[in-house]
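Notes follow the structure.
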Amino acid sequence: MWYTLTLEARDGSRHDIRYNPHTSEIEGIELGLIDEREWPTALRVSKATPLGKSRAPKVLKIQLGLSCNYSCSYCSQAHQIGDATLSKLTDVEAFLANLDSWLEGAPERIELWGGEPFIYWAKLKRLIPALAERFASARFLIITNGSLFDREKLDLITQYDIDIGLSHDGPGQDLRGPDPLENPEQRRWIEALLAERRGHVSINTVLTAQNHDLAAIKAWFHARLGLDVPLSLEGVVNVYDAATLLGPGRFDEAGLHALRRSVFESHVTAPQAFGLDKRLRDFLSSLKTRRPISALGQKCGIDRPEHIAVDLQGNVMTCQNTGAKGEHKIGHVDEFDAIALNTATHFAFRPECISCPVVQLCKGSCMFLEGELFAQSCANEFAFNMGILMAAVWHLTGMIVVQIQPS
Ligand SMILES: C[S@@+](CC[C@H](N)C(=O)[O-])C[C@H]1O[C@@H](n2cnc3c(N)ncnc32)[C@H](O)[C@@H]1O
Ligand code: SF4
Ligand code: SF4
């Protein structure tokens, strides 16, 4: 499937190039040596073709529960809270004791998930040392709203070399709730974490309808935390419920335009900011290596059999953001061979993704969203990823994409 991209140069002249997102071929731009590879074909999940899970997961996501001390207006988990299992400290012991019955080898990464994970402090304190002893080479990751740190928690983070993603929306934080940087005690611990765990912490912002000016977000953090604050992006908001659809998840046409422009300009003026250069490099590498669409799994990775999300009772869920008491329970570790991811749709089964020029960047948005919720999430992802595509073309040609159409 080919697209013609019309580019405009500084002098106003226009030039056409062609791009095929299915084969990652590009015509009209000299890329130098092409390093074409043999790409393995990604598995494609659908309700009609469910996937199982591997007993030797590379990524083990442990969901402690979906309770949280915040109630962010766009929270992807809000619609699932009633479906989350409640667990006791004794469930941690049972979980650890049962591990050998289903898990083979050692995960490369272990993620501890809430809700807000530090609400589950007693469980974390028991789980992490036990898992670290068992899987000495595994890296740990915790994503947190950053409001519950103290000395004891920082010490555990350091002792077990845990990577931390701190979710904060900068000038758009009011959509999430209280600002921990406005609370002297909470701010002190965030500053201590940033100082003590340099290279192992990132501050991750979700771009929303009200907050997607990357230059303003960067300036906001620089003013409060200094110029070397490790900023990153969680990405653009995806839409999981009606309130988000009417509020922070709803970009109108002007908002989508502003989002695309902001992502483009930030990539062009400061590619290192927000880790945007990684997204850019991934796209440029897809062109250089001719990555076919058949090699792509979903962006989140949890469609792969070797990524698994479990709760402390051994339930297996679609992903860490879902609860095991409802439709997103896809099995139990005690009946491992019966686990069936039958709640998700790989983008290859979505006609809009198969004919999408930014599919190599987006990789299909959230795999379990449907209907209006998927449509708005897709519109948001399209604008976000078009900004990256435009920036890649600008870096390669010095010209701006002004039109893109099937050819
Ligand atoms: C659901 S939270 C759970 C962890 C923790 N409570 C936190 O906020 O960091 C995990 C991540 O998802 C992000 N997030 C929440 N809702 C989202 C949405 N609708 N779209 C995109 N990201 C979202 C949060 O900002 C956070 O970075
Ligand atoms: S995004 Fe995180 S902090 Fe906000 S309500 Fe959801 S789980 Fe809590
Ligand atoms: S932008 Fe929309 S259509 Fe394109 S790959 Fe993402 S979800 Fe699919």
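None of the figures in this text is laboratory data; all of them are computed from the coordinates on show. Predicted model, so just to flag it, every value in this text is computed and none were measured. Every residue, glycine as well, gets a Cβ built from its backbone with ideal geometry; the counts of neighbours run over all protein chains shown.
Quick one: if the Förster radius is 22 Å, what FRET efficiency do H257 and D16 give, using the C-beta to C-beta distance and rounding to 0.05? Numbers along the way, then the final one.
Numbers: r = 22 Å, r/R0 = 1.02.
Calculated value: 0.45.
Here are some pairs, K299/K325; K88/K125; K53/K123; K125/K153; which of them have Cα atoms lying more than 18 Å apart in this structure?
Checking Cα-Cα distances, K299/K325; K53/K123 exceed 18 Å.
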Relative to the present Cα-Cα distance, how much length would full extension add between Q405 and M1 at 0.36 nm per residue of separation?
-> 144.4 nm
What is the spin-label model distance, in nm, from E196 to L284 if the labels are put 7 Å beyond Cα along the C-beta direction?
-> 3.8 nm
Net lengthening on full extension, E352/E93 (0.36 nm per residue, minus Cα-Cα) | 88.7 nm
Label-point separation (nm) for D277 and E104, each offset 7 Å from Cα along Cα-to-Cβ?
-> 4.1 nm
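Order of 305-312, 165-172 by packing, highest average Cβ count within 10 Å first? Before the final figure, lay out the partial values.
On the way: 305-312: 23.2, 165-172: 20.5.
The peptides rank, most packed first, as 305-312, 165-172.
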Kyte-Doolittle at least 0.5, axis length at least 15 Å by Cα - qualifying DSSP helices, the chain = 214-225, 371-397
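So how much slack lies between R139 and A270, counting 0.36 nm per residue of separation and subtracting their Cα-Cα distance, in nm?
Numbers: separation 131, 0.36 × 131 = 47.16 nm, distance 2.96 nm.
Extra length available between R139 and A270 comes to 44.2 nm.
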Cα gyration tensor category, rounded, prolate or oblate, for the range 356-407 with a/c compared to 1.5 | prolate
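Which of V201, V237 has the fewest other C-beta atoms within 10 Å, and how do the rest follow up to the most?
Values: V201 22, V237 29.
By the 10 Å Cβ count, ascending: V201, V237.
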When the helices in the chain are scored as -39500 (n - 2.57) per DSSP H run of 4 or longer and the sum is shared across all residues, what 222 nm value do you end up with, to the nearest 500 deg cm²/dmol?
-> -10000 deg cm²/dmol
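May I ask you to sort H200, H22 by Cβ crowding, counting other Cβ atoms within 10 Å and putting the fewest first?
Numbers: H200 17, H22 14.
With the fewest neighbours first, H200, H22 line up as H22, H200.
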Which of H79, H257 comes first, and how do the rest follow, when ranked by fewest Cβ neighbours within 10 Å?
-> H257, H79
Counting DSSP beta bridges with both partners in the range 96-249, what percentage is antiparallel, nearest 5?
-> 5 percent
Normalised contact order of the range 59-391, rounded percent, pairs of Cα under 8 Å and 6 or more residues apart = 21 percent
With Rh as the Kirkwood radius over Cα pairs, the chain has Rg/Rh of 0.97
